[in-house]
Amino acid sequence: AQKITQTQPGMFVQEKEAVTLDCTYDTSDQSYGLFWYKQPSSGEMIFLIYQGSYDEQNATEGRYSLNFQKARKSANLVISASQLGDSAMYFCAMREGDLGGSQGNLIFGKGTKLSVKP
Amino acid sequence: NAGVTQTPKFQVLKTGQSMTLQCAQDMNHEYMSWYRQDPGMGLRLIHYSVGAGITDQGEVPNGYNVSRSTTEDFPLRLLSAAPSQTSVYFCASSPSYGGRSYNEQFFGPGTRLTVL
């Protein structure tokens, strides 16, 4: 079974609108971390946001927020006020065993390609 | 601070040739790893290291060797390249634990490898 599932291979959003990229995960660990990365067409991996499983509040970083629903095992990325430069691949990832001694290994989903329309 | 550097950026090999992909970081990170990215597959972990002298296998280790003689360097070796190893390879590093930067893996720019 896949540990990280991103069900939207591609999405379109109008410039200045908000968009939600879906991510569900599967783990039996109590301690884990969830990440979102952006990969523009130039190919580099850009860290966006992190949510720890014990964090009570949803993480936010500027225009990015993570809608963390622990019971549903979902960690959706919300981008507010989309910009043309947001057009990219977006990857959800999980690190299991997140508290102390974690080996840091990330498990990635297959990604969602976001296209922002002017 | 150069961050994570990878060389070369592009490489074309013939089947059976060997080569080493270089990765270095100047952030004194204990943890380093190699991922490969194939179309439609996301990134998959090849090998990782939690410190100098310590390495372990990830999800797709076959056909690759690694070593970690220093904290800074983590080379990936292809002993006998195969067309199935055509991919984009990313090296990443992070502190083992502690501090906000623990919650971010720093990725190198990637190496695009083609095996004919």
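Values in this text are rule-based calculations from the coordinates and carry no lab data. These figures come from a predicted structure and were not determined experimentally. Don't worry about glycine lacking a Cβ; one is built from the backbone with ideal geometry, like all the others, and counts go over all protein chains shown.
Details
- Out of every Cα-Cα pair that chain B contains, those further apart than 21 angstrom amount to 31 percent.
- Part-to-part distance (alpha-carbon centres) for segment B:1-67 and segment A:54-74, which is given in Å: 30 Å
- Cα-derived Rg to Rh of segment B:5-69, Kirkwood definition: 0.96
- Among the GluC sites (Glu not before Pro) within segment A:20-95, those in coil by DSSP and having at most 11 neighbouring Cβ atoms inside 10 Å are A:Glu56.
- Set of lysines with alpha-carbon distance to A:Lys117 below 23 Å, sequence-local pairs under 8 removed: A:Lys16, A:Lys38
- Summing Lys and Arg as +1 and Asp and Glu as -1 over all other residues whose Cβ lies under 13 Å from the Cβ of A:Val13 gives a net charge of +1.
- Taking A:Ser74, B:Ser33 and counting other C-beta atoms within 10 Å, the order from fewest to most: A:Ser74, B:Ser33
- Segment B:Asn65-B:Ala2, length gained on full extension (0.36 nm per residue, minus Cα span): 20.2 nm
- Along segment B:7-19 the Karplus relation, 6.51 cos²θ - 1.76 cosθ + 1.60 evaluated at θ = phi - 60°, assigns HN-Hα couplings of 9, x, 7, 9, 7, 10, 10, 9, 3, x, 6, 10, 6 Hz to successive residues, with x for each Gly and Pro.
- Taking amide hydrogens as placed 1.01 Å from N in the peptide plane, the amide H of A:Met11 sits under 5 Å from those of A:Lys113, A:Leu114, A:Ser115, each at least 5 positions away in sequence or on another chain.
- B:Leu79 versus A:Gln14: modelled label distance in nm, points set 7 Å from Cα along the beta carbon direction: 5.9 nm
- The ranking of B:Val66, A:Val116, B:Val88 from fewest to most other beta carbons within 10 Å of each one's beta carbon is B:Val88, A:Val116, B:Val66.
- Sorting B:Met32, A:Met89, B:Met19 from the fewest to the most surrounding beta carbons within 10 angstrom yields B:Met19, A:Met89, B:Met32.
- Ellipsoid fit via the Cα gyration tensor, segment A:25-69: semi-axes of 22, 14, 7 Å, each the root of five times an eigenvalue, largest first.
- The length gained by stretching the chain between A:Ser28 and A:Ala81 to full extension, at 0.36 nm per residue less their Cα-Cα distance, is 15.6 nm.
- Put a dot 7 Å past the Cα of B:Leu116, heading toward its Cβ, do the same for B:Ile54, and the two dots end up 4.3 nm apart.
- Working note: Debye formula, equal point scatterers on the alpha-carbon atoms of the protein assembly as shown, no solvent; log10 I(q)/I(0) at q = 0.11, 0.13, 0.18 Å⁻¹ is -0.56, -0.78, -1.38.
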